[in-house]
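So the structure is just underneath, and the comments pick up after that.
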Amino acid sequence: MKVAVDISLYPLQDDLIPPIVDVIERLKSHDNLYVDTNSMSTQIRGEYDDVMAVLAGELKSTFELLPKAVFVMKILNNPIAD
């Protein structure tokens, strides 16, 4: 089953951009996912198991690197775009 996930990262620190760019680059390194960004969020599309496995790993890595951070996610099953 295909899913689309819209995520936003809010690092609770003064220098916001480097951690956000780091997460986006790590997400883009997974060839089995489609990753697109805009000024407000990042969209990830792919097979459910692939997307959730990557998100679990990348969120954990981010939380281990940052003292405080908030991820906001919206998940859509059966997205129109591939």
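The values are calculated or read from the model by the stated rules, or taken from the named source; none is laboratory data. The model shown is predicted, which means the values in this text are computed figures rather than measured ones. Backbone-built Cβ (ideal geometry, glycine too); neighbour counts: all protein chains shown. Ligands, DNA and RNA are excluded from the accessible area calculation, which covers all protein heavy atoms including side chains. Shrake-Rupley method; radii C 1.70, N 1.55, O 1.52, S 1.80 Å.
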Every residue from the stretch 46-57 that is open to solvent by less than 50 Å² (accessible area, probe 1.4 Å), out of contact with any Leu (no Cβ under 7 Å at 6 or more places or on another chain) and of a type outside the set (A, V, I, L, M): Gly57
Residue list for the stretch 59-82, filter: open to solvent by less than 40 Å² (accessible area, probe 1.4 Å) and closer than 17 Å to Leu16 by Cα: Leu59, Thr62, Leu66, Ala69, Phe71
Output for the stretch 33-74, where each listed residue is assigned to a helix (DSSP H, G or I) and β-branched (Val, Ile, Thr): Val51, Val54, Thr62
Those residues of the stretch 23-32 which are among the acidic types (Asp, Glu) and assigned to a loop (DSSP other than H, G, I, E, B), in sequence order: Asp31
Hey, Ser39 among the small types (Gly, Ala, Ser), open to solvent by 30 Å² or more (accessible area, probe 1.4 Å), at pLDDT below 95 and over 19 Å from Asn77 (Cβ atoms) or not: yes
Residues located in the stretch 20-36, provided they are surrounded by 14 or more Cβ atoms within 10 Å (Cβ to Cβ) and within 18 Å of Val70 (Cβ to Cβ): Ile20, Asp22, Val23, Ile24, Arg26, Leu27
Cross-chain or 6+ apart pairs with Cβ under 7 Å, the stretch 5-19 first and farther than 10 Å from Ser41 by Cβ and open to solvent by 80 Å² or more (accessible area, probe 1.4 Å), then among the charged types (D, E, K, R) and not in a strand (DSSP E or B): Leu12/Lys68
